[in-house]
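The values are calculated or read from the model by the stated rules, or taken from the named source; none is laboratory data. This structure is a prediction, so every number in the text was calculated from the model and none was measured. Counting neighbours? That spans all protein chains shown, and the Cβs are built from the backbone with ideal geometry, glycine included.
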Amino acid sequence: MIRKALLVAMLAFPAPLLAEPVLDMAKAPADAAKGSEFIPVYGKDNPGSPADEVITRFMGRETVLRNITYPTLTPVFPRKGKANGTAVIVAAGGGFSMLSLQNEGWRTANALAEKGITAFVLKYRLNPTPKDDAAFFEGMRKIFESAGKSGGKQPELANPGSDQDALAALKLIRSRATEWHINPRRVGIIGFSAGAMTALRSVQIAPTVAERPDFFGYIYGPMGKIDVPAEAPPMFAALAMDDPLFGNGDFGIASAWKAANRPVELHVYERGSHGFGLGQPGTTTTGMIGQFISWMDARGLLKPELAK
Amino acid sequence: MKALTSLAALLLAAPALAQNGAPAGMPMPVDAAARAEPGAIPLYGKDTPGNLSTETWSRSGAIVMVRNVTRPTLTPFLPASGKANGAAVIVAPGGAFMGLAIDHEGWKVAKALAAKGIAAFVLKYRLIETPRDNLEAMQFMGRSLMKEISHPMDGDLIKQSKGPEDAKAALAMVRANAAKWHVDPARVGLIGFSAGAMTARRVGLDPDAAARPAFIGYIYGPQDAETVPADAPPLFDAIALDDGLFPSKGFPIAQEWLKVRRPVEVHGYQKGNHGFGLGEPGSTNNLLLDEFVAWLAMNKFLTSAKK
């Protein structure tokens, strides 16, 4: 399951030409998000350094970030007066070796903020990759070559600590809930691929129920059946039928949530492959984010409500 | 449990009804005036059997129900002039093969489709006979349904039903009149709700491929598997995961579609129970029609193949 996530690295970006991103990490790394904060999730105890980071233009189309060692959270606020008090952390994918910040990060955050949701883009720690792009791509090629030779057996992916970073991010938001006009019991995560695994793991490893996300979006994550933690948060699961990594007609994780009597919603689009983000134009995957927001609405999360 | 507004609610409560009458808060069916269907076309022309006079009309809360349909008809709901995209959808309401929620899962759906440029046709298919009295009918229907609720696709109800036969006749009629109704005979599909979904599925998998719809909208149908041919029509499968009539067991039927690599899409709404029609406020199921139409568009059913 974790091994397959490596394929995400190569297959995550079949996305066609993207709309103009609001924040282009490729333009000016230092002030890519001018005016935005990159808040260290562990405060002064934050590990690593932003200097480790590498911006890579993936497949000549999209910007991803590699070698994140200094995890941060960036608020994307709704327009003044529009906030409803619900917060969603956006955890992009990239096989734990890169972060699809542009396709799945900022774009998703902006879509959520448009609907009054306070979004937080999480830069979680990644597994190290060669600084040099060419060496990085060569390394990827070698991994897939050997995976191919060994009959599909892929190396295990180390957990870089993204789940801990997600928990720290939840804690951070809840500690500053008053300042940010957020209801601390309405803080969720939407995760894509490795980000979905990160969100799920944060549910599994949280020391207490209160430290978990209050709900989560699980977008093209592994779909196998798992043991559902007691009082598991509501889950919105979505992927495409033709997802080469996780689309095998088995929606076990959704069935498990249902069997455990935990709220769950499932959308499996006919086509869209893996990594469709806000949707591959011309496919029904473009409906995903609207369906996620509608699900939040049905759960009362868009009704303006600060902490009680 | 949230009160249902469809026939299913009453059927689920059938044992209680048999003993105690309607539970508090449950809308008991009351007699209603027969609704005219302007533009209804006898399905088999002058060979159409039956008579409108056998019909029993009732109302459960806001839901209009007709039972004892013996004279099958098809009623067109066409898009405004110039708005048609050439697609056609026959709408098969549900009601356990013994009733039709003809507005909730029929006319309302057809109007919504026509508003999107899709020619819609409400199929009033022949029903298994039920007692005239509303309460007796509910008890009869409840008993009949409960006998086979764990295996509806192999049950007696669908076996006895004239629904599939009438649906095939409806497809043939729309295709034969394609020019008149401004539809493309290659883009005529079926959308069914509950028993209507089962009907659409049965016709969709008919051994005679030419008799099948071009696509199947399968709304809160049973998810049990069956072998699917390699040329099955595309399937749009939507249901609420808290459906009380067909408790969630995953989507084995969708997996059968995938096995033969035929197009399939699944929407499992967190809540909505059985019989939500086009959806209700406060639920994600109210996106059903938009999702169905977007899926049709993706599969090029809303545009002409000719250039």
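Scanning region B:245-256 for residues that are within 7 Å of chain A (Cβ to nearest Cβ) and aromatic (Phe, Trp, Tyr) returns a single hit, B:Phe251.
Criterion applied to B:Glu165, B:Glu148 was being among the acidic types (Asp, Glu), more than 18 Å from B:Tyr220 (Cβ to Cβ) and surrounded by fewer than 21 Cβ atoms within 10 Å (Cβ to Cβ), and the one residue passing it is B:Glu165. If you go through region A:206-216 and pick out every residue that is under 17 Å from A:Leu172 (Cβ atoms) and assigned to a helix (DSSP H, G or I), you end up with 2.
If you scan region A:239-270, which residues turn out to be assigned to a strand (DSSP E or B), more than 8 Å from chain B (Cβ to nearest Cβ) and out of contact with any Ser or Thr (no Cβ under 8 Å at 6 or more places or on another chain)? Within region A:239-270, A:Leu239 is the sole residue that qualifies. If the condition is being among the β-branched types (Val, Ile, Thr), in contact with a helix residue (DSSP H, G or I) (Cβ under 7 Å, 6 or more places away or on another chain), buried (at least 24 other Cβ atoms within 10 Å of the Cβ) and more than 7 Å from chain B (Cβ to nearest Cβ), then region A:271-301 contributes no residue at all. The requirement of being facing another protein chain (nearest Cβ under 9 Å), over 21 Å from A:Ala254 (Cα atoms) and part of a loop (DSSP other than H, G, I, E, B) is fulfilled somewhere in region B:229-242, by at least one residue.
Matching residues to (1) buried (at least 19 other Cβ atoms within 10 Å of the Cβ); (2) within 11 Å of chain A (Cβ to nearest Cβ); (3) of a type outside the set (A, V, I, L, M); (4) in a loop (DSSP other than H, G, I, E, B):
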position: B:Leu258; (1), (2), (3), (4): yes, yes, no, no
position: B:Asn286; (1), (2), (3), (4): no, yes, yes, no
position: B:Val293; (1), (2), (3), (4): yes, yes, no, no
position: B:Ser304; (1), (2), (3), (4): no, no, yes, yes
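Scanning region A:175-208 for residues that are touching a residue at least 24 places away in the same chain (Cβ under 8 Å) and small (Gly, Ala, Ser) turns up A:Ala177, A:Gly188, A:Gly191, A:Ser193, A:Ala194, A:Gly195, A:Ala196, A:Ala199, A:Ser202, A:Ala206.
Of the residues in region A:84-107, how many are assigned to a helix (DSSP H, G or I) and either under 22 Å from A:Pro40 (Cβ atoms) or free of Cβ contacts under 8 Å to residues at least 40 places away in the same chain (or both)?
Residues in region A:84-107 being assigned to a helix (DSSP H, G or I) and either under 22 Å from A:Pro40 (Cβ atoms) or free of Cβ contacts under 8 Å to residues at least 40 places away in the same chain (or both): 5 in total.
Within region B:77-125, the residues that satisfy the criterion of being over 13 Å from the mean Cα position of the chain (by Cα) and crowded, with 24+ Cβ neighbours inside 10 Å are B:Ala87, B:Ala88, B:Leu113, B:Ile118, B:Ala119. Tell me yes or no: at least one residue of region A:222-236 is surrounded by 21 or more Cβ atoms within 10 Å (Cβ to Cβ), at the interface with chain B (Cβ under 9 Å from one of its Cβ atoms), of a type in the set (A, V, I, L, M, F, W, C) and touching a residue at least 12 places away in the same chain (Cβ under 8 Å). Within region A:222-236 (the criterion being surrounded by 21 or more Cβ atoms within 10 Å (Cβ to Cβ), at the interface with chain B (Cβ under 9 Å from one of its Cβ atoms), of a type in the set (A, V, I, L, M, F, W, C) and touching a residue at least 12 places away in the same chain (Cβ under 8 Å)), the answer is yes, since at least one residue qualifies. Can you name every residue in region A:255-270 that is touching a helix residue (DSSP H, G or I) at 6+ places or on another chain (Cβ under 7 Å), of a type outside the set (D, E, K, R) and either farther than 15 Å from A:Asp242 by Cα or touching a residue at least 40 places away in the same chain (Cβ under 8 Å) (or both)? Within region A:255-270, A:Val264, A:Leu266 qualify. The residues of region B:263-279 that are surrounded by fewer than 24 Cβ atoms within 10 Å (Cβ to Cβ) and within 10 Å of another protein chain (Cβ to nearest Cβ), listed by number, are B:Pro263, B:Gln270, B:Lys271.
Is it true that B:Asp206 is within 11 Å of another protein chain (Cβ to nearest Cβ) and in contact (Cβ under 8 Å) with a residue 24 or more places away in the chain? For B:Asp206, the condition - within 11 Å of another protein chain (Cβ to nearest Cβ) and in contact (Cβ under 8 Å) with a residue 24 or more places away in the chain - is not met.
Taken over region A:128-155, the criterion of being modelled with pLDDT of 65 or more and part of a loop (DSSP other than H, G, I, E, B) is satisfied by A:Pro128, A:Thr129, A:Pro130, A:Lys131, A:Asp132. The strands (runs of 3 or more DSSP E) located wholly in region B:32-84 include none with 2 or more residues which are modelled with pLDDT of 95 or more, of a type in the set (D, E, K, R) and in contact with a helix residue (DSSP H, G or I) (Cβ under 6 Å, 6 or more places away or on another chain). On inspection, B:His274 qualifies as within 15 Å of B:Phe193 (Cα to Cα) and in a loop (DSSP other than H, G, I, E, B).
Kindly establish whether A:Arg125 is of a type in the set (D, E, K, R), over 15 Å from A:Val41 (Cβ atoms), modelled with pLDDT of 95 or more and not in a helix (DSSP H, G or I). No.
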